[in-house]
Each structure stands twice: as C-alpha cells, then as structure tokens.
Amino acid sequence: MDTLKLDITHAYYFAENQFESNKDAAVEAVTDVNTGRAAGSDFLGWVNLPKEISADLLGQLKATAARLQENCDYVVCIGIGGSYLGAKAVISALSNNFADLVDPAPKRPRVLFAGQNIGEEYISELQELLKGKRFGIIVISKSGTTTEPAIAFRILKAQLEEAVGKDKAKDLIVAITDAQKGALRTMANQEGYETYVIPDNVGGRFSVLTPVGLLPIAVAGFDIEKLVAGAVNMMETTLHPGPDNPAETYARMRNALYQSGKKIEILVNYNPKLHYFSEWWKQLYGESEGKDGKGIFPASVDLTTDLHSMGQWIQEGERTIFETVISVRKPSVTQRIPEDAQNLDGINYLAGKRVDEVNKMAELGTMIAHVEGGVPNMKIEIHSLDEYTLGQLIYFFEKACGISGYMLGVNPFNQPGVEAYKKNMFALLEKPGYEKETAAIKEKLSK
Ligand code: PA5
C-alpha cells in the first residue's frame, strides 16, 4: 500500500538552522506522545486507538448504520467542533461534489449536519426540509452539555417525536457521549436511545476514529474498516522517533518555521473535496497549539479557486506565512480537454491534456511562485482520495499535532480558552448559576 509522502525541500532552506537545532527536541516530543510522560497525558487515548478499535465495535457500528440506512432518507448528525468536523471532512472528501443533486433517490440516507451553529434560518430551513421525510438523528457531545447541539437536538427531537411518535422516535435516535456524565447521557439512559461511548482519554478534536466519526461515515456508506486500516498503517509509520518519521519531520519543520518568524500556516488543497478536511485540520491545530500567547495560526485555502481572491496576499503580503499542500496524485476519473475547431477561447494548446495535468502544473507553478515570493512550502502527497489514505492523513496530522504542541511548549490536549465566550453568553442569557456573572457583564455593558 502506498503511504503518504512528505516533502520539506522547499521549506528547509528558509529555516535550516532552526530545523537542525531542534532535532533533539523533536525526538523528545515523539517520546512524550508515545509514553504519556508530559502534560495532558490523560488525553492520549487516540495514540493507540486505531489498533484498539475492535472488530466487535466496527460490527456494531455497521449494524446501527444499516438500521438507520434502512429507516431513514436523511440522518442528521448533531454536534459541534470535534463532534462534527471529522465526519464532515471524511464524508465531503469521499462524496460526489454534487451528491445532493445528482441522485434524486439515493440508496442511502443523505447525512446532514446541525448543532454546529446557532443560525435561526439554518435550523428552520432544515426543519422545513425534513417535514414529511423519513429521518433519524445521531446526536454527539462528549461533555453532553454543549449549548449549540443541545438546542438543535431539542428542536429536531420534538419534530421527530411529533412525526412518528415517541416510541418509534427512540429507535431513530443514537446518542454518542460520555459513558457516565452529562445531560445527554442522562437523557439517553432515560429515553432508551442506543448509545456509543466517547472514551474519556480521547479529546473531541482527536475523536474522528471513535464512534463520533465512524458512525456518520458508515451511515454515509463509506468503508470504516479501510479508514481504520489506513490509520493503523500511519500509526506504525510514525511510531519511532527519527528522520524517517514523517509526523516528526512535519512537526519539526513547522516549529522551525515558526521560530524563524513564520506565524501563519496555510493548508492548501487543489481538490474542492478537501475543503472540510482543512476545517478539521484548523480545529486540530488551532485548539491544540493556540495558547499561552503562542501558536501558529492555522488558515486554509482551496486552490486554484482562492488564487483569484487570496493569491495576491499569499504572493506579496506580510512575509509571515508558510504553506502545506495536500496533493492528491491520482484523481478517480479521467477527463480530457477537447479540441475546438474555432479556438475562440485560445486554449487549443491544452487540447487532449487531462484536466488534472493542468491542475498539477498550476500546483507546481504556484509552488515556484510562492517560494520565490518568500513563502516556504511543504508538500504532503497522497495516492488518491479514498478511505485508506484519509485514515493515513488523519492519523498523520494527529500524531504531528501532539509532537508539534510539545515542541512548542504547550499542553496540546486542553482548550481552556474555549470557555471564555460560553461564560459571557451564559451570563447574558441569565443562565441559572451565573447570577454574579450576569450582574458583572450588565455593569460592563452599561458603561
Ligand atoms: O476538541 C474539543 O474538545 C472541542 O472542540 C469539542 O469537540 C467541542 O467543543 C464540542 O464539545 P462536546 O463534544 O463536548 O459537545
């Protein structure tokens, strides 16, 4: 099986000294992740997770997915952050670009997402869409107390119960949450929903290879065994410290670039199916590293689309950025550009070439332009877009994230900053228990 290839050639010469001098720190950080001897070790369950996923669990997930597939035309996954982005990323990467339009009567339910925003139009329009349709719900929250998914679940649960009755609704709802605690656990036990557990030692943004990601991906009709097999392969590839460990090299290079003044990393794709993969990656790195006044800002662009919007900035803006390109070697189809007798558009010089050849030349030309413009470039090449390579890519970025966070000197597995907005929102909404905060924020706003 092909493995992913990391090329740091066009980043190395921008931060050679830093890269060479942090060799030992990188080895230490790999050992920190592998042995759990550093901060955040309670949340290292994802490290060996791919090998620990049992055939039994995969079988149960596939059975639940089959039940939802049989009984639903739509399955709404409710969750936010790590309880949403992994499934969304994988399903988008593997689906037809026009999946929603291409097949008026698909064999499998369409997987929709809710609870990842508090948009009133979003939830109302979703309710409208689901009216009179056969639908089910997968509600996901590790803490079981997050406001955004709780609101969406309350609304959609009521709609489902009204449509099919409480008894039938409970068979169409699956909850994925903590084994013991949280409002969602209490509700699921009381209402008798089928449940799956998010392991205590796996944080939200590292949970795509738990039922959090695996169940929605299976419902969408993709092969979760292959996804896990790809992750197992990458787990083995990134196990030992040293120059052959691509996760270590990526973490080491990005830290070297950060030390040399490159404070923003742009994840670049040349395939629109990877748009949400970048969203997943941004959460993984942003929440893991952005703390204690430190951290590379993770951004992303879809190319060549964004070369016509963000390209100018990348080429000539403040020289504080570097880019990491995910390049897919082999598209799943062959599409050639036709000859045109009139050649009014002047592109007959491309006739007979594959669209992907033009895309690859755009990729190469952009890399050269960006490097010459002062933007270091790393490239991660995967063979094709399928479950196996996505499993590899997911685990690669997770492992590199743990290593990189430790090299940066932060605890990559907490997210204390996420609480700040919640505290203010609860105070403003006068949540019981927040009386002091409510008084304080009102006072602040009155000035
Ligand atoms: O990575 C994290 O821990 C967070 O982004 C969470 O996934 C997100 O806040 C959702 O939390 P929960 O699953 O508890 O609803």
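The values are calculated or read from the model by the stated rules, or taken from the named source; none is laboratory data. Quantities reported herein were computed from a predicted structural model and do not represent experimental measurements. Reconstructed Cβ throughout: ideal geometry from the backbone, glycine too, with neighbour counts over all protein chains shown. Heavy atoms of the whole protein, side chains included, go into the accessibility calculation; ligands, DNA and RNA do not. Shrake-Rupley method; radii C 1.70, N 1.55, O 1.52, S 1.80 Å.
For residue 140, the criteria (1) away from the ligand (no atom under 16 Å from the Cβ); (2) in contact with a Ser or Thr (Cβ under 6 Å, 6 or more places away or on another chain) hold in every case but one, which is (1).
Every condition in (1) in contact with a Lys or Arg (Cβ under 8 Å, 6 or more places away or on another chain); (2) within 16 Å of the ligand (Cβ to nearest atom) holds for residue 334 except the one numbered (2). Do we find that residue 378 is touching a Lys or Arg at 6+ places or on another chain (Cβ under 9 Å), open to solvent by less than 10 Å² (accessible area, probe 1.4 Å), at pLDDT 95 or above and more than 16 Å from the ligand (Cβ to nearest atom) in this structure? So residue 378 fits the description; yes.
For residue 76, state whether it is touching a residue at least 12 places away in the same chain (Cβ under 8 Å) and farther than 27 Å from residue 244 by Cβ. For residue 76, the condition - touching a residue at least 12 places away in the same chain (Cβ under 8 Å) and farther than 27 Å from residue 244 by Cβ - is met. The combined condition, being open to solvent by less than 80 Å² (accessible area, probe 1.4 Å), of a type in the set (Val, Ile, Thr), modelled with pLDDT of 95 or more and assigned to a strand (DSSP E or B), is not fulfilled by residue 366. Sub-8 Å Cβ pairs linking a first residue in the stretch 356-367 that is without any contact (Cβ under 8 Å) to a residue 40 or more places away in the chain to a second residue that is open to solvent by less than 40 Å² (accessible area, probe 1.4 Å) and in a helix (DSSP H, G or I), at least 6 apart or interchain, are 358/350, ordered by first then second residue. Considering only residues in the stretch 170-193 that are in contact (Cβ under 8 Å) with a residue 12 or more places away in the chain, surrounded by fewer than 17 Cβ atoms within 10 Å (Cβ to Cβ) and more than 13 Å from residue 143 (Cβ to Cβ), the one that is nearest to the chain's Cα centre (by Cα) turns out to be 171.
One line per residue, one yes/no per condition, for (1) in contact (Cβ under 8 Å) with a residue 60 or more places away in the chain; (2) over 30 Å from residue 332 (Cα atoms); (3) within 19 Å of the chain's Cα centre (by Cα); (4) open to solvent by less than 30 Å² (accessible area, probe 1.4 Å):
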position: 216; (1), (2), (3), (4): yes, no, yes, yes
position: 219; (1), (2), (3), (4): yes, no, yes, yes
position: 255; (1), (2), (3), (4): yes, yes, no, yes
position: 259; (1), (2), (3), (4): yes, yes, no, no
position: 262; (1), (2), (3), (4): yes, yes, no, yes
position: 269; (1), (2), (3), (4): no, no, yes, yes
position: 284; (1), (2), (3), (4): yes, no, yes, yes
position: 288; (1), (2), (3), (4): yes, yes, yes, yes
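All conditions in (1) assigned to a strand (DSSP E or B); (2) farther than 25 Å from residue 41 by Cβ hold for residue 274, with the sole exception of (1). Scanning the stretch 297-311 turns up one or more residues that are touching a residue at least 60 places away in the same chain (Cβ under 8 Å) and among the aliphatic types (A, V, I, L, M). Taking the stretch 180-241 as the region of interest, the helices (runs of 4 or more DSSP H) fully inside it that hold 1 or more residues being within 13 Å of the ligand (Cβ to nearest atom) and either in contact with a Pro (Cβ under 7 Å, 6 or more places away or on another chain) or among the β-branched types (Val, Ile, Thr) (or both) are 211-219.
Does residue 73 fit the bill of being touching a Lys or Arg at 6+ places or on another chain (Cβ under 7 Å) and surrounded by fewer than 22 Cβ atoms within 10 Å (Cβ to Cβ)? Yes: the conditions hold for residue 73. Looking only at the stretch 84-123, filter to residues that are of a type in the set (Ser, Thr, Tyr) and assigned to a helix (DSSP H, G or I); which one of those is farthest from residue 146 (Cα to Cα)? My answer is 92.
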